[in-house]
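Right, one structure below, let's go through it.
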Amino acid sequence: MRRESGLLQRTRRSLLALCVTGLVTIAVVWIATPILKRSFMDEAASQAASALRLAVAALNGHLKRYEALPALIADHDDIQDLLADPGNPELRQTADLYLKAINALLKSSEIYVMKPDGETIAASNFDTPTSFVGENFSYRPYFQQAIAGQTARFYALGTTSAKRGYYFSAPVRIAGAIRGAIVFKVDVDLIEASWRDSDYKIFVSDPEGIIFMSGNPDWLYASLVPLTPDRLARTAASRRYADKLPHTLLVTRSRVEGHDILTMPGPAGATRDYLLLSEAVEDAGWTVNVLTDTASAVNQWRTALAAIVLSICFAALVFFVLIQRKARRDERMLMDIQAKAELERRVAERTADLAYVNRKLRDTQADLIQAAKLAGLGQMSAALSHEFNQPLAAVRNYAESADLLISRDRLPEARDNLARIGKLVDRMASLSQHLRNFARKPNERLDPVSLDAVLEDTLEIVRPRLATARATITVDLGEPAPVVLAGPIRLQQVLVNIVTNAADAVEEKDDRRITLTARRAQDNAVIEIRDRGDGVSPAIAARIFDPFFTTKGVGKGLGLGLSISYNIVKDFGGDLTVANHAEGGAVFSIVIPLAVPQKEAAQ
Ligand code: ADP
């Protein structure tokens with residue numbers, strides 16, 4: 001039951017932990033997503049900004065090298081001379097060769113000189129199939145500006161060469177008057193080529209939004225913004241892109257987290273988002289753009305988010321495992337406490353049971369003792385009334401017949417009756433004498449008594465009985481005879497009882513020897529009286545020391561001898577036991593403390 005509720009509790013706790021973890025995760029995802037998104041987008045944007053700065057610097061650096069050159073070469077004698085006399089073929093040739101040499105030296109694309117009407121009269125590519133000589137570029141803004149006295153810059157697709165280039169122009173002044181224009185065309189291919197290996201898509205767009213330079217050739221002359229008729233008209237007037245017709249790129253522009261985003265169709269119908277960073281370069285009149293694929297930034301913030309979510313889950317798991325472990329420990333402790341309490345309760349229960357049984361046992365014992373006492377009293381009363389009634393009845397009979405005999409004058413017979421009455425009274429007196437022994441004083445003083453002396457008196461008393469039984473007694477008390485702590489008369493009484501019983505036991509037997517020995521055992525004297533009678537059967541041995549137990553016929557034994565003897569020996573602090581000898585006959589052992597313990601005697 002307890003285990004079940006523990007399991008239920010654990011399951012509920014698990015579910016709760018799962019819910020809390022889920023909610024925390026959702027909240028964290030909800031809060032962290034925009035922060036991470038913005039942070040990784042900002043990071044991507046800052047990296048793209050560096051790329052953009054580098055691209056702008058490279059472009060500017062490249063173009064700056066050529067910026068001052070047109071004005072410088074305009075003052076060269078060969079150019080001045082030519083424009084002073086434009087029709088002179090010799091001067092044209094000199095100028096052609098000079099421009100070719102300079103072009104090779106400066107690694108520009110082309111250098112050419114135009115008359116005020118726009119006709120090209122000398123060019124570095126005079127000896128190539130796409131020679132500019134004879135071409136008229138008066139429609140180009142850079143020419144118009146130069147003829148107007150300004151230096152100019154322009155980028156366009158060459159109408160003759162079909163090559164894109166950046167044009168620098170300057171007026172050629174002779175004696176203060178503008179006599180023509182000189183133009184430097186610089187290739188942009190090389191710069192563009194360097195962008196192809198870049199991680200970023202770099203491209204240059206013109207003020208109309210049309211892409212002029214790009215690492216991706218498909219994007220050339222494409223527009224990021226819808227092409228309106230105005231824009232198309234302006235582009236057509238300058239013939240910036242010669243015969244190329246600009247088209248609009250399929251892109252959507254949007255702003256996300258403060259950044260410009262370009263969405264383009266990707267492979268397999270998918271779309272790709274790019275971060276767009278732009279910088280307008282005023283001098284060049286264009287805008288340099290850098291595109292960064294947001295996929296890596298998206299991947300990064302998603303990875304970071306996943307890491308955060310995993311961390312939360314892991315932390316929750318660790319927390320949960322710790323909580324579970326603690327809960328299990330607490331549960332186990334509680335179970336231990338409960339088990340201990342249960343054990344204590346059971347012990348208390350058993351103890352109470354035991355106490356109850358003990359009490360019952362004591363009560364029963366007390367009842368039994370009481371019953372035994374009453375039974376003993378009853379037994380004694382019955383025996384006493386039997387023992388007294390018989391002689392009393394006999395006394396009455398003898399008295400009545402004595403009375404009759406006297407009235408008939410039969411005096412000798414009457415005297416005989418009176419003698420019999422006397423004997424019966426003596427017997428009753430002896431019985432009462434024995435009974436008085438029960439009322440002895442147990443704490444009577446004990447004195448050192450030599451067994452020698454006690455036995456001498458004993459034999460004096462038992463001799464007539466031994467003679468009638470025709471029994472012999474051998475006594476061996478050792479030298480010297482032990483001295484015990486006892487009452488001499490009472491000890492004598494015990495010995496008389498036991499020797500008389502031995503005489504009774506051997507009376508009818510062939511072997512009528514009785515042996516009495518004494519020896520010392522530790523601090524006691526052991527007196528053994530052995531006869532050659534029938535011995536004591538186990539059933540009798542258990543009751544032999546009970547008062548009034550006798551196997552002798554009515555009027556022969558009182559059954560008090562051994563019972564009194566037992567009590568006397570116990571009063572001496574000793575013991576009285578009976579056993580059967582291996583060769584037959586009973587052996588009574590009386591153990592009495594020595595007057596002087598052996599150890600002290602030895603000192
Ligand atoms: P009583 O001698 O009056 O019978 P006791 O108390 O002296 O009373 O003895 C009790 C009984 O013990 C005897 O009746 C007898 O059966 C048994 N008993 C005592 N001494 C011996 C013995 N030496 N051998 C066999 N039985 C004995």
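Structural remarks
- Cβ-Cβ FRET estimate between Ser138 and Asp260, R0 fixed at 35 Å, reported to 0.05: 0.35
- Selected from Ala586, Phe212, Val186, residue furthest toward positive end of dipole (the chain; charges at beta carbon): Ala586
- Between Asp511 and Leu15, the simple label model (points 7 Å from Cα in the Cβ direction) yields a spacing of 9.7 nm.
- Only one residue of Ala49, Val309, Val20 has its Cα farthest out toward the positive end of the dipole of the chain, where Lys and Arg carry +1 and Asp and Glu -1 on Cβ, and that residue is Val20.
- Taking GluC sites (Glu not before Pro) as exposed when DSSP calls them loop and at most 12 other C-beta atoms lie within 10 angstrom, the chain has its longest site-free stretch at 1-281.
- The simple spin-label model puts a point 7 Å past each Cα toward its Cβ; for Ile337 and Arg415 those points are separated by 10.6 nm.
- If R0 is taken as 25 Å, the Cβ-Cβ distance between Leu368 and Arg427 corresponds to a FRET efficiency of 0.10.
- Kirkwood-type radius of segment 243-310, with distances r between different C-alpha atoms, in Å: 14.4 Å
- Beta bridges assigned by DSSP with both partners in the chain are antiparallel in approximately 90 percent of cases.
- Pairs spanning more than 24 Å between alpha-carbon atoms, out of Lys115/Lys244; Lys107/Lys201; Lys107/Lys244; Lys373/Lys570: Lys115/Lys244; Lys107/Lys201; Lys107/Lys244.
- Part-to-part distance (alpha-carbon centres) for segment 256-307 and segment 451-490, which is given in Å: 138 Å
- Over the chain: helical MRE at 222 nm, DSSP H runs n ≥ 4 each giving -39500 (n - 2.57), nearest 500: -19000 deg cm²/dmol
- Taking all Cα pairs closer than 8 Å and separated by 6 or more residues, the relative contact order of segment 122-189 comes to 23 percent.
- Dipole of the chain [Lys/Arg +1, Asp/Glu -1 at C-beta], most positive-end residue of Asn125, Ala146, Leu495: Leu495
- Cβ-placed point charges (K, R +1; D, E -1), dipole of the chain about Cα centre in debye, nearest 20: 2360 debye
- Over the chain: Rg over Rh, Cα atoms, Kirkwood Rh: 1.90
- Using a Förster distance of 22 Å, the FRET efficiency for Glu43-Arg253 (Cβ separation, nearest 0.05): 0.55
- Note on segment 495-603: with charges restricted to the Cβ of Lys and Arg (+1) and Asp and Glu (-1), its dipole about the Cα centre is near 80 debye.
- For segment 150-281, averaging the sequence separation of C-alpha pairs within contact (under 8 Å, six or more residues apart) and dividing by the residue count gives a relative contact order of 15 percent.
- Taking every alpha-carbon pair under 8 Å whose residues sit at least 6 apart, the chain reaches a relative contact order of 9 percent.
- Segment 181-204 and segment 66-93 have Cα centres spaced 28 Å apart.
- Helix 451-469 vs. the chain, principal-axis angle (Cα, 0 to 90°, nearest 10): 60 degrees
- Between 0 and 90°, nearest 10: helix 294-407 axis offset from the chain longest Cα axis: 10 degrees
- Cα pair distances of segment 438-551 binned at 10 Å [whole percent]: 12, 39, 37, 11, 0
- Set of lysines near Lys509 by C-alpha distance (under 30 Å), chain-local residues within fewer than 8 positions excluded: Lys423, Lys552, Lys556
- Shape of segment 124-165, Cα gyration tensor, a/c cut at 1.5: prolate
- Just so you know, the Cα atoms of segment 481-544 work out to an Rg and Dmax of 13.7, 38 Å.
- Centroid-to-centroid separation of segment 311-334 and segment 398-424 [C-alpha atoms, Å]: 116 Å
- Note on segment 457-538: antiparallel DSSP beta bridges, both residues inside, total approximately 60 percent of the bridges counted.
- Hull volume in cubic angstrom per residue (convex hull over the Cα atoms of segment 315-354): 24 Å³
- Per-bin percent of Cα-Cα distances, segment 1-94 [5 Å]: 3, 10, 7, 7, 6, 6, 6, 5, 5, 5, 5, 4, 4, 4, 3, 3, 3, 3, 3, 2, 2, 2, 1, 1, 0
- Inverse of mean 1/r across different Cα pairs in segment 17-63, Kirkwood, Å: 13.5 Å
- Residues within the reach of a label modelled at Ala236 (point 7 angstrom out along Cα to beta-carbon, backbone nitrogen below 15 Å), restricted to segment 117-161: there are none.
- Expressed in Å, the radius of gyration and Dmax of the Cα atoms of segment 287-437 are 54.4, 187.
- For the chain, the solvent-accessible area with a 1.4 angstrom probe is 57 square angstrom per residue.
The values are calculated or read from the model by the stated rules, or taken from the named source; none is laboratory data. All of these numbers come straight from a predicted model, not from anything done at the bench. Backbone-built Cβ (ideal geometry, glycine too); neighbour counts: all protein chains shown. Please note that ligands, DNA and RNA were not included when accessible areas were found on the heavy atoms of the full protein model with its side chains. Shrake-Rupley method; radii C 1.70, N 1.55, O 1.52, S 1.80 Å.
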